[in-house]
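Novice: Below: one structure in structure tokens.
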Amino acid sequence: MGKSADFHMTDILHLGKASSLPQSPAEAVLDYPANPRPSTDYLIRFSAPEFTSLCPVTGQPDFAHLVIDYVPGATIVESKALKLFLGSFRNHAGFHEDVTVGIGMRLVAEMAPKWLRIGGYWYPRGGIPIDVFWQSGPVPAGLWVPDQGVAGYRGRG
């Protein structure tokens, strides 16, 4: 197994420790341990089928199924920290486009992956689903990138 000598639990804020949900995305701190396979391009996928944020106009909850795919560089994002970051959007008001793209851009800025894409499959508001997609650049050559697996809206199931 590839085990990184750079990984130390003392560097990690959330994994194996008590953590509370941040009140806002700005307060959320993400952990980035070393990539255990830095010489190999591989895809990591996170799915958040129950993502929630607030409508900036009405304050009502908006719901989405987020899918984040990325190819790590020197670091990976720790899943508990990511879960807390995504959960912090429950108190955040933002348009679907800003929320989806903002999540992707923050991960790219902090983690510096070789490639990242995010799909925000938002449930309908006013009868229209809004799906938002963003990626950091072209897919690395030779990388297998499976379909995100979220069907077009038909009761989103």
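Here, each number is a calculation from the coordinates, and none is a lab measurement. Note that the structure is a prediction, hence the values are computed from the model and not measured. FYI the Cβ positions are ideal-geometry reconstructions off the backbone, even for glycines, and counts take in every protein chain you see.
Novice: Which parts of region 75-101 would a label at Ala18 reach, counting a residue when its backbone N lies under 14 Å from a point 7 Å out along Cα-to-Cβ?
Specialist: none
Novice: Can you give the angle from 0 to 90° between the axis of helix 96-111 and the longest principal axis of the chain, with both taken from C-alpha atoms, to the nearest 10?
Specialist: Rounded to the nearest ten degrees, it is 10.
Novice: Also, I was wondering about something else. Given an 8 Å cut-off on Cα distances and at least 6 residues of separation, report the relative contact order of the chain as a percent.
Specialist: Relative contact order, the chain: 23 percent.
Novice: Starting from 0.36 nm per residue, how many nanometres of slack lie between Thr52 and Val101 once their C-alpha separation is accounted for?
Specialist: Extra length available between Thr52 and Val101 comes to 16.2 nm.
Novice: Kindly identify region 36-157 as rounded, prolate or oblate by the Cα gyration tensor criterion: order the square roots of the eigenvalues as a ≥ b ≥ c, call it rounded if a/c is under 1.5, otherwise compare a/b with b/c, prolate if a/b is larger, else oblate.
Specialist: prolate
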